[in-house]
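One structure is given here, and the rest of the page talks about it.
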Amino acid sequence: MAKIDAFFHLMHEQGASDLHLISGQQPALRIRGDIERIKYDVLTNDSLKVLLYEITPEYKIKNFEETGDVDFAYEVPTLARYRVNYFRQKNGIGAVFREIPDKISTCADLGLPSVISKLAALPRGLVLVTGPTGCGKSTTLAAIIDEANHLRKDHIITIEDPIEFVHKSQGCIVNQREVGLHTKSFATALRGALREDPDIILVGEMRDLETISLAVEAASTGHLVFSTVHTTSAAKTVDRIIEVFPSSEQLQIRSTLADGLRAIVSQVLFKRIDIKSRCVALEICIATPAVRNLIRESKTYQIPSMMQTGKKYGMQLLDDGIMDLYRRGWIDADEAYVKANDKARFRPLLKYPPTDFTEA
């Protein structure tokens, strides 16, 4: 057993989502969203490097020494898998480990609306799960892919950096590819995937123009494509995708995206106040003909209004999702206010409304 594994056992026992090992500081865990220090000696650069390099593949060490950043996955048998990032900072080396449960939660386990699980049955199109880092996008996608894996008889290809949740072939054949280990880049793997008889393609992240272009193209040519974007709403997601393209191509990509898009799910994590757990608030946009027309006509600012009238399709604004969690007694008013888009709606719930400089 590697020496560092003791930290992972502690992390698992404490129910932490992340482990931070930073030169010049004590180790720390993120528990229910908060950073908590571990009673341990301050880590030196040399001692931490020895600890980390014991579990790091040689080619990843070389990559890190050359670039100062590296991502990979590490597994502690019978415990869990971890998404790993090493980086250089002022005091030396730093590392963050995100725990990935070995059991994939179902949509029902996660408390997701039924419309989310139905996305696994779509014949084709683009489905995007969006939100800030650490909001559970990978967990939601894993639940949808697992649903498809059990219900369908198709070929699923995942392209990730690194591989997070491990899917065993059930009704579907599942092939999982890791960027840097099995393929050069997302774009390279996505281009190859189109020649590998796929039905469902999961692209871990749409990072650049080429990857976005290929993902949209794949969705428009009969494949079901799932991916993530670091945006906070459906309207902003559409704008972000289109703005990546040169102005001369934006009219065409608007039309292609409108044809291929099926759904955008934006999510935000909250700390529950009734039990020691976390919960998620969702914004759900289903690409109805009306929503697609707004995308084609550059009227994305009207998408929220369209979502308000589309509840029968399972659509929901983020603030409605947040309000639902508050009314259930799961989250407090202060956190609801901080993470809401329309803060004026949540101000009356606060005992001591702050003076918000963003409203000046």
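Read-outs: derived from the displayed coordinates by stated rules, not from any lab. Note that the structure is predicted; figures quoted are calculated from it, not measured. Cβ coordinates were reconstructed from backbone atoms using ideal geometry, including for glycine residues, and neighbour counts include every protein chain displayed.
Odds and ends about this structure:
- Shape category assigned to the stretch 5-100 from the gyration tensor of Cα positions, a/c cut at 1.5: oblate
- Exposure proxy ranking for Asp71, Asp324, based on other Cβ atoms within 10 angstrom of each Cβ and starting from the fewest, stands as Asp324, Asp71.
- For the chain, built as a Gaussian network whose Cα springs stay under 10 Å, the top-fluctuating residue of Arg98, Arg327, Arg81: Arg327
- Neighbours of Ile264, meaning other residues whose beta-carbon lies under 13 angstrom from its beta-carbon, give a summed charge of +3 when Lys and Arg score +1 and Asp and Glu score -1.
- DSSP-assigned coil residues among trypsin sites (Lys or Arg not before Pro) in the stretch 100-197, each with at most 11 further Cβ atoms within 10 Å: Lys103, Lys153, Lys168, Lys184, Arg195
- Our estimate of slack between Ala2 and Leu151, defined as 0.36 nm per intervening residue step minus the Cα-Cα distance, is 49.7 nm.
- Between the stretch 61-113 and the stretch 131-177, the alpha-carbon center distance in angstrom: 17 Å
- Cβ crowding within 10 Å averaged over residues, with 261-273, 305-317 ranked highest first: 261-273, 305-317
- The stretch 267-360 shape via C-alpha gyration tensor axes, a/c threshold 1.5: oblate
- When +1 charges are put on Lys and Arg Cβ atoms and -1 charges on Asp and Glu Cβ atoms, the dipole computed for the stretch 205-328 relative to its Cα centre reaches about 640 debye.
- For Asp34 and Asn85, the FRET efficiency from 1/(1 + (r/R0)^6), where r spans their Cβ atoms and R0 equals 22 Å, is about 0.65.
- The chain: most fluctuating residue of Glu160, Glu99, Glu196 per GNM, C-alpha cutoff 10 Å: Glu196
- Taking the chain and dividing mean pair separation by its residue count, relative contact order in percent (alpha carbons under 8 Å, at least six apart): 12 percent
- Distance in nm between pseudo-label sites at Thr309 and Lys103 (7 Å out along the Cβ direction from Cα): 4.5 nm
- Alpha-carbon centroid distance for the pair the stretch 15-50 / the stretch 302-340, whole angstrom: 35 Å
- Most positive-pole-ward Cα, Gly321, Leu43, Cys172, against dipole of the chain from beta carbon charges: Gly321
- Segment Ala344-Tyr59, extension gain: residue separation times 0.36 nm, minus the distance between their alpha carbons: 97.4 nm
- Cα gyration tensor shape of the chain, rounded if a/c is under 1.5, else prolate or oblate by comparing a/b with b/c: oblate
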